[in-house]
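Below is one structure, written out as C-alpha cells; the observations come after it.
Derivation of every value follows stated rules applied to the coordinates shown; laboratory data play no part. A quick note: this is a predicted structure, and the numbers were derived from the prediction, not measured. Counting neighbours? That spans all protein chains shown, and the Cβs are built from the backbone with ideal geometry, glycine included.
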Amino acid sequence: MADEPMEGKTQTMLVPDNTMMLLIDVQIALLRVMHHKDELVQNLAKLLRGLRVLDVPILCTEQNPKGLGATIPELAPLLGEPPLEKLAFSCCGEAHFTEALEKFDRRQVIVAGIESHVCVYQTTMDLLDAGYGVQIVADAVSSRTAENKQIALERMAAAGASITSVEMVLFELLQDASGPKFKEILKIVK
C-alpha cells in the first residue's frame, strides 16, 4: 500500500498526493563551502520548480539563520512558505517542525539540502524512525567534502531511505507523458 511504509519491505513509488518535499538549510554561509555548489543550486532549482508544477508542497528549514544567513536568493522565491528556523541538527528535534510536518498529512518525504552528513542525515534517520518513507535526492544534497556526502548516502540507504535523483523524482511523480505538466517538466529538466 502506497500510504503506509512497511518494515522490511522496499518503499513504494512516490504518489503526488502523499508526497512532500523537505529542503534543509540551503543558506548563504553554508552554501559557500559546499562541494560542487553551483551544480547543487541548479539541481535544487530544477527540483523545486518541478515540484511546484506537480503541486507537491515544500517545507524548508534554516539552521541558525542569524549566524548562517537566509535561504539563498536563487531558491527563496520557489518555496511558497517561509522557512522554519531551527537549532537542532535534525529538523525533527524542533517541535514547530514536527507540527508543520504533520499538518501536511503526507507519508512520503523527498529530502534535499545540506549538509548531507549532518542535518540531512540526522533528519532522515528521525523521519525513518517515525515511519515516513524517505527519498534522498543524491544530486540535490551536498557536504563540504565528497567523502562525507558519500558516507551519508550509504548510511541513509542502509537505514531504509531510497536514493534518487532530481529527474527520477519528477518523472516518478509525473507518472506519464500526457498533458501540460509533462511539457512543463521537460522544459525544466532540459
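For the listed peptides 150-158, 74-82, a ranking on the average number of other beta carbons within 10 Å per residue, highest first, reads 150-158, 74-82.
Size estimate for the chain follows the Kirkwood approach: the inverse of mean 1/r over distinct Cα pairs works out to 16.4 Å. Give me the distance in nm between label points sitting 7 Å out from Cα along the Cα-to-Cβ direction at Glu94 and Gln150, one decimal. Reported label-point gap for Glu94 and Gln150 is 3.2 nm. Beyond 27 Å in Cα-Cα separation lie the following of the pairs Lys86/Lys190; Lys46/Lys149; Lys66/Lys149; Lys149/Lys181; Lys37/Lys187: Lys86/Lys190; Lys149/Lys181. Taking only alpha carbon atoms, region 42-140 gives an Rg to Rh ratio of 0.92, where Rh is the Kirkwood radius. In terms of its C-alpha gyration tensor, region 88-190 comes out oblate, because a/c is 1.5 or above while a/b does not outweigh b/c. Normalised by the number of residues in the chain, the mean separation of alpha-carbon contacts (under 8 Å, six or more apart) gives a relative contact order of 27 percent.
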